[in-house]
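Single-structure report; data block below.
The values are calculated or read from the model by the stated rules, or taken from the named source; none is laboratory data. Small disclaimer: the values here were computed from a predicted structure and weren't measured. Methodologically, a virtual Cβ is constructed for each residue, glycine included, from the backbone with ideal geometry; neighbour enumeration extends over all protein chains shown. Heads up: the accessible areas ignore ligands, DNA and RNA and are worked out on the full protein's heavy atoms, side chains in. Shrake-Rupley method; radii C 1.70, N 1.55, O 1.52, S 1.80 Å.
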Amino acid sequence: MGKRKGKSVKKNTATKQSAEPENLVKAPHSFVIHRGKCSKDLIDLTKDFRKIMEPFTASQLKERKKNTIKDFLSVSGYLHVSHMMVFTETELGSYMRLARLPRGPTLTFRIHNYTLARDVISALRKQYVIERAFQNAPLIVLNSFSGEGMHMKLMATMFQNMFPTINITTVKLKNIRRCVLMNYNPSTKLIDMRHYVIRATPVGLNKGTKKMVQGKIPNLNRCKDMSEFFDKAALLSESEFEDDGNQVELPQALSARGAAARSRSALRLVELGPRLQLQLIKVEDGLMDGEVLFHELVEKTEEEKALIKKKREEKRRLKEKRKTQQAENVKRKEKEKEELKQKALEGIKKKKGLTENQRLMELAAAESQDIPMEQDEDDADYYREEVGEEPEQDLFSQNPSRKRKSDNGEGEVRGFKKMRLDKKLKKKYQNNQETGHNQDNRGRRNFQNTDGGKTFNNNNDNRKRFNDQDGKFKNRNNQSSKTKKVFGGKFNKIYKTGKSRPGKSGKGKGKSRK
């Protein structure tokens, strides 16, 4: 029994629940890739930058040499990707391009100095790396980006839009575990980028109490009693002493131990890396290929800008023209394909009709050949009664095929075979000799006399053979009667010379009545 199909398909609730929330879909996603021939350190910097952009980035993205920017752009809409960072390296230095997808603008930065994350962490006295800090987006902090110029506002806006926006009324402080600091130096025009993790430690507590609150195991080797550990803070080592600076009152509880709501805590930043020192070089209008809005190193006059703009406009018009022409060619080819398809269908229908007519004609021919043998016998009897002679063998036969004798003497049915010219002429000459008329000799044949060794030619006027024994000429017709094959495949009985049926002159056909 087959599977029963329902009238409608139920909605998959599991798939509906697994869909991303609206706030995650609207969050800015990013691609961080490297292009061209890059050193190993720059590739590691690309991976460290992906750690900064987590969780809204492709951490395990595998780019290939044959991939182009259009390949990443084609999938950016489906994956909600809004920004792309591209790291490249040349002989002059390393560069980072920050592009807004899908239509730009594009900012090009030159990387003056950089330090990898592994080097930053190894230089710390107390290393603090926690994977839970990368489950939420970092907090972006901009400093001194209020300079004059449109490029400054554009640069600040691009950095802010790289990370999700924060709603102060609904934000949860426990989700903010990292921060990215951007500091602009107006004198050098350099941007210092740092990446930190945020820690909160309780203040206003005894050192021993603080250690117990934070869940650290104290060293009670020098204490006789537990109370002695809480009272004598001087017993702590210098490495365990921490400065309680940057104290704030927490409006919400944090995930760290001892950081409860309405309690005072000290905020500390632990650097995770990498470190970057950037300089803005160029601002382009399009996606990595457009009108240059700002350039730090090159300045052009108004005439040069107008000429460049004119060339760009002409190039754009030519591109649109090619696109329209390609669209017209596609439509024309589709139309020709459809016409060819219709012609092919008409030809198939016509061929089917012809084959049907041919089949009907073959059926009619087969039915006409299947005549009963009784009708043939009736016709033969009627011919005997009226004419008084036996009818010819093929007179009333419906089957034109005849039997021919093969070379070995066995009779077998053969199809029509075209006779060769010499055999045809030979049959014709034999026929003429039997009727007693002379015709043109179209073929000569030499006959060898075995007794005397003389050779005679067969002429047009004389068709006789010389006999050395009695010196007489013998006609070929003076032979005993025998059955001969005549052109056309009929078998006729040839009578002796001078003998013929009563009332018939010449060669007779059929058998005489006795």
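Structural remarks
- Considering only PHE163, THR88, LEU107, and ranking their Cα positions along the charge dipole of the stretch 88-180 that arises from unit charges at the beta-carbon of Lys, Arg, Asp and Glu, the one farthest toward the positive end is PHE163.
- Each Lys or Arg adds one and each Asp or Glu subtracts one; over the other residues with Cβ under 11 Å from the Cβ of GLU249, this totals +2.
- Rounded to the nearest 10 square angstrom, THR90 shows an accessible area of 80 square angstrom against a 1.4 Å probe.
- Taking 0.36 nm per residue of separation and subtracting the Cα-Cα distance, full extension of the segment from LYS427 to ASN143 would add 90.1 nm.
- GLN135-THR68 FRET efficiency (beta carbon distance; Förster radius 25 Å; 0.05 resolution): 0.15
- Per-residue accessible area (protein heavy atoms, 1.4 Å probe) orders ASP285, ASP48 as ASP285, ASP48, starting from the largest.
- Here each label is just a point 7 Å from Cα along the line to Cβ, and for LYS47 and ARG262 those points are 4.8 nm apart.
- Neighbour cut-off at most 14 other Cβ (10 Å), DSSP loop, chymotrypsin sites (Phe, Trp or Tyr not before Pro), the stretch 86-139: TYR128
- Summarising the label geometry, the points placed 7 Å from Cα in the beta-carbon direction at LYS305 and ARG322 lie 2.9 nm from one another.
- Highest-first packing order for the peptide set 29-38, 342-351 is 29-38, 342-351, based on the mean count of other beta carbon atoms within 10 Å.
- Extension gain, ARG35 back to ASN221 (0.36 nm per residue minus Cα-Cα distance, nm): 61.1 nm
- Pairs of lysines in the stretch 51-208 (C-alpha under 21 Å apart; 8 or more residues apart or interchain): 6
- For the stretch 84-192: rounded, prolate or oblate by the Cα gyration tensor [a/c cutoff 1.5]: oblate
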